[in-house]
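Engineer: First the structure, which I've put down as structure tokens, then a few questions once you've had a look.
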Amino acid sequence: MRPPADPRRAQLRRLRLIAVAMLLAMASGFVFSHLMGGNGVWGWVGAFCEAAAVGALADWFAVVALFRRPLGLPIPHTAILPRNKARLADSLGVFVRDHFLEPGLIAERLQRLDAAHWVGQWLGAPAQRRQLAQLARGWALQLLEVFDEDAVRAAINRFVSEQLQRWDAADTLADVLGLLTADNRHQEVFDAGLQRLGKWLDEPAVHARASELITRYIRKQWPKLASTVDWIKPIEEIGDSLAARIGEALVQELQSVLTDSAHPLRQDYDQWLDGYVQRLRTDPALAARLQDYKAQLAVHPAVTEYVGGLWQRIAAALRSDLAQEDSTVAAHIERALGGLAGALQRDGALRDALNTHIQRAATRIAGRLREVARTHVANTIKSWDDDKLVDQLELSVGRDLQFIRYNGTLVGGLIGLCLHAIKVWLN
């Protein structure tokens with residue numbers, strides 16, 4: 001499909017035809033005035049048309065000489081723009097670098113702009129915040145579609161595996177247990193465990209299970225005694241009684257431990273935990289064993305499958321939310337933008353800090369891009385074909401240049417009238 005025609009091209013063609021028509025009209029008037037004798041009014045007409053034709057031709061030559069050789073003749077100092085394309089390209093590149101990407105100039109303009117105040121005002125409008133949040137929602141949704149899920153899963157698995165390999169499990173566990181023992185917090189954990197154990201032992205289902213185990217053990221280990229006892233009293237009742245008494249004894253002992261801060265069991269617990277923390281820090285064998293467990297965990301299929309599916313679940317949830325107009329993520333973004341707008345409007349120190357960061361970032365980026373932009377502009381223009389360069393420049397300024405031709409025709413004609421008037425006055 002051909003691109004649409006540039007409307008400037010037709011306009012330029014029409015203006016050129018007008019300039020040529022004016023030149024032909026002046027030449028025709030000059031010839032006609034001489035045919036009429038060149039006296040009286042025809043002398044004035046001839047003088048005007050003669051000078052106007054000369055002015056039109058001179059300006060035509062000047063305009064054409066900018067872009068090409070007039071009539072294809074190798075006249076010196078013509079086709080100025082194509083012959084100086086490299087110098088023009090370098091000059092434009094330097095112009096862009098020095099006038100658009102000068103760090104000091106950018107910092108000065110940003111300081112006058114007060115970008116933070118402008119951002120605060122702009123975000124203060126609910127419609128602007130909603131528009132920006134919806135725009136961010138669309139970008140995020142498109143970004144999710146771009147991601148290669150297999151590659152992301154592989155990257156997450158690789159990241160988790162690397163982190164597990166670097167993780168010093170023994171040292172971390174020692175730190176955690178050290179925090180747990182500070183201020184006797186480990187005793188609070190111990191009490192909670194004992195209370196939970198006491199409730200569990202007091203449950204009827206636990207009593208029934210313990211009675212069943214006692215009965216089965218007696219029948220297996222002492223079958224004759226069990227048969228003899230059955231004549232006197234069913235062995236199940238004995239199991240129930242023993243289970244109840246054992247459970248009651250255990251609960252009483254747990255109550256004793258809970259109420260006695262100096263109970264031997266607590267002391268044993270303290271010694272064991274302190275000793276284990278020290279072993280974690282000093283025992284290479286224990287540390288190596290934990291590292292081995294950690295390595296097995298890192299390559300365990302269940303862990304790999306869970307981590308691999310993590311991104312898929314996250315992406316699916318995000319995709320489902322972002323696809324809706326009333327997206328939760330977009331709503332959070334909108335609220336965050338509202339909070340930022342309020343803070344920028346209230347807090348002058350925050351605005352000053354943000355303006356400083358914006359100025360530093362802009363000047364730093366400009367400093368990096370200055371030479372890149374200069375080189376890019378220069379090389380782009382140098383790579384253009386001469387005909388393309390001329391065509392683009394003519395489309396850009398050709399209209400004004402044609403008016404120069406019009407003006408040259410009229411000014412030349414007026415000069416001709418002035419000269420003819422001087423001639424008549426002298427005669």
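The values are calculated or read from the model by the stated rules, or taken from the named source; none is laboratory data. Note that the structure is predicted; figures quoted are calculated from it, not measured. Positions of Cβ are generated from backbone atoms using ideal geometry, with glycine treated the same way; all protein chains shown enter the neighbour counts. Areas reflect the complete protein model, heavy atoms only, side chains present, ligands, DNA and RNA absent. Shrake-Rupley method; radii C 1.70, N 1.55, O 1.52, S 1.80 Å.
Engineer: Please calculate how many Å² of accessible area the chain carries per residue, with a 1.4 Å probe and no DNA, RNA or ligand atoms counted.
Structural biologist: Counting only protein heavy atoms, the per-residue value for the chain is 66 Å².
Engineer: Quick check: at a probe of 1.4 Å, how many percent of the accessible area of the chain sits on carbon and sulfur atoms?
Structural biologist: Solvent-exposed carbon and sulfur of the chain make up 63 percent of the total.
Engineer: Starting from the Cα of Glu149, step 7 Å toward the Cβ, then list every residue of the range 295-311 with an amide N under 13 Å from that point.
Structural biologist: Those under the cut-off are 308-311.
Engineer: Cβ neighbours within 10 Å, averaged per peptide: list 263-271, 415-423 in order, most packed at the top.
Structural biologist: Answer by packing, highest mean first, reads 415-423, 263-271.
Engineer: So, with +1 on the Cβ of K and R and -1 on the Cβ of D and E, and no other charges, what is the size of the charge dipole of the chain about its Cα centre, to the nearest 20 debye?
Structural biologist: 2800 debye
Engineer: Pick from Gly104, Gly43, Gly124: which residue has the top mean-square fluctuation in a GNM of the chain where Cα pairs under 10 Å get a spring?
Structural biologist: Gly43
Engineer: Can you give the calculated 222 nm mean residue ellipticity of the chain, where each DSSP H run of n ≥ 4 adds -39,500 (n - 2.57) and the sum is split over every residue, rounded to the nearest 500 deg cm²/dmol?
Structural biologist: Calculated mean residue ellipticity at 222 nm is -29500 deg cm²/dmol.
Engineer: Please name whichever of Leu337, Ala79, Gly43 sits farthest to the positive end of the charge dipole of the chain, dipole taken about the Cα centre and charges placed at Cβ: Lys and Arg +1, Asp and Glu -1.
Structural biologist: My answer, from the dipole projection, is Gly43.
Engineer: Tell me the label-point distance for the pair Phe100, Trp122, using the 7 Å Cα-to-Cβ offset, in nm and rounded to one decimal.
Structural biologist: 1.9 nm
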